[in-house]
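Inspection log for the structure reproduced underneath, given as structure tokens.
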Amino acid sequence: MIEPCILEMELSNWLEEIRPIAQQGEVATYIPALAMANPNDLGVAIVDLKGREITAGEWQTPFTLQSISKILGLIIVLIEQDFDFVLSKVDMEPTGDPFNSIARLETVKPGIPFNPLINAGAITVCSLINGKNVDERLNKILNLIYNCTGKLPKINHQVLLSEWETGYRNRSLAYFLKDVGMLEADLEETLELYFKQCSIELHCLDLAWIGAIIANNGLHPTKNLQIVPTEYTRIIKSLMFTCGMYNASGKFAVSVGIPSKSGVSGGVLSAFTSSKNTIFADGCGIGVYGPSLDEYGNSIAGIQLLKRISSNWQLHAF
């Protein structure tokens, strides 16, 4: 492998070339606390499967996971529940609709969300996590992050309050899901868990470590511990590839070609599993942060940076 310092210099140059693209987007405002982010921030971190780290830009800036947290909740449910039971509550199909759409719940496969990475699907998944209360269920997600990163994350309470005060669409989704029998837990507790998991705060390097473990089929690159069973990482990577970038997932799959999941805070988690001779021959995890968003709710500069990384370092799946 090329020395990390050389790759880091190359990565930093690309990042600074791409940074002005952030001016073409806007930070999320429908969750008011997210509107305070600096739209010009852009950071990236990469962890290969030997545990080597490469960083550039504002990689240390903390941000909330938002929709990236949907991957973590799904991992918990896949471990705890029978897969056929999970499929009876949430499908695994892409959708061309916005992430918070309610329309298809009533018209196609009534009541069953299309996939776990849209809001309706993630709320349903939250209701499937075992536990006697919200804290017990949330701790499972926090402990999963700890096992991946070595750091017990915190909840950003300002963002949590903002989510709670403005989450009218998510409440509508939850009430509909409860009405048609999709939710397995108390509605208010399910929403509390959903808002809290979205408000977990990490930074780019944390995302990259999680991505590296997913890329490595659930095995921690340096601790030789199986954090997630291999069969579930296959499901996660497949969903990230087909559904992970909201209703721009198809465009992203064509142009970047790395399983990824975005969030409206501007984060993107990517998991590259190599099958060819590339700089990261075994694979790697990538964490990107750029809070200025495009029309789909994805980081506008972050996507361009991932395109550059994928193209120049030949990380496209095909």
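The values are calculated or read from the model by the stated rules, or taken from the named source; none is laboratory data. Remember, it's a predicted structure, so these values are computed and weren't measured experimentally. As a convention, Cβ positions derive from the backbone with ideal geometry for all residues, glycine included, and neighbour counts pool all protein chains shown. Only protein heavy atoms, including side chains, enter the accessible area calculation; ligands, DNA and RNA are left aside. Shrake-Rupley method; radii C 1.70, N 1.55, O 1.52, S 1.80 Å.
Given (1) in a helix (DSSP H, G or I); (2) assigned by the TED database to the domain that holds Ile236, where does Gln60 come up short, assuming only one miss? Just one mismatch for Gln60, condition (1).
Within the range 232-261, the residues that satisfy the criterion of being open to solvent by 40 Å² or more (accessible area, probe 1.4 Å), touching a Gly at 6+ places or on another chain (Cβ under 9 Å) and not hydrophobic (A, V, I, L, M, F, W, C) are Tyr232, Thr242, Asn247, Gly250.
Restricted to the range 262-311, and to residues that are of a type in the set (D, E, K, R) and under 25 Å from Met36 (Cα atoms), which residue is least open to solvent (accessible area, probe 1.4 Å)? Taking the candidates together, the pick is Asp294. The single condition among (1) open to solvent by 10 Å² or more (accessible area, probe 1.4 Å); (2) assigned by the TED database to the domain that holds Thr273; (3) more than 20 Å from the chain's Cα centre (by Cα) that Gln81 does not satisfy is (2). Sub-8 Å Cβ pairs linking a first residue in the range 87-103 that is under 12 Å from Ser249 (Cα atoms) to a second residue that is modelled with pLDDT under 85 and loosely packed, with under 14 Cβ neighbours inside 10 Å, at least 6 apart or interchain, are Asp97/Ala103, ordered by first then second residue. Glu184 passes every criterion in (1) touching a residue at least 40 places away in the same chain (Cβ under 8 Å); (2) assigned by the TED database to the domain that holds Asp48; (3) open to solvent by 50 Å² or more (accessible area, probe 1.4 Å); (4) of a type in the set (Asp, Glu) apart from (2).
Residues that are assigned to a loop (DSSP other than H, G, I, E, B), in contact (Cβ under 8 Å) with a residue 24 or more places away in the chain and out of contact with any helix residue (DSSP H, G or I) (no Cβ under 9 Å at 6 or more places or on another chain) within the range 218-256 comprise just one, Thr222.
Based on what the data block shows, is Ile236 in the same structural domain as Lys50 (by the TED database) and more than 17 Å from Ile18 (Cβ to Cβ)? Yes.
Can you name the residue in the range 38-55 that is part of a loop (DSSP other than H, G, I, E, B) and open to solvent by 30 Å² or more (accessible area, probe 1.4 Å) and, of all such residues, is nearest to Ala208 (Cα to Cα)?
Arg52
Could we say that Leu193 is assigned to a helix (DSSP H, G or I), within 21 Å of Ile286 (Cα to Cα) and not basic (Lys, Arg) here? Answer is no for this residue.
Taking the conditions (1) open to solvent by less than 20 Å² (accessible area, probe 1.4 Å); (2) in contact with a Gly (Cβ under 6 Å, 6 or more places away or on another chain); (3) farther than 23 Å from Gly250 by Cβ in turn, Gln66 satisfies each one other than (3).
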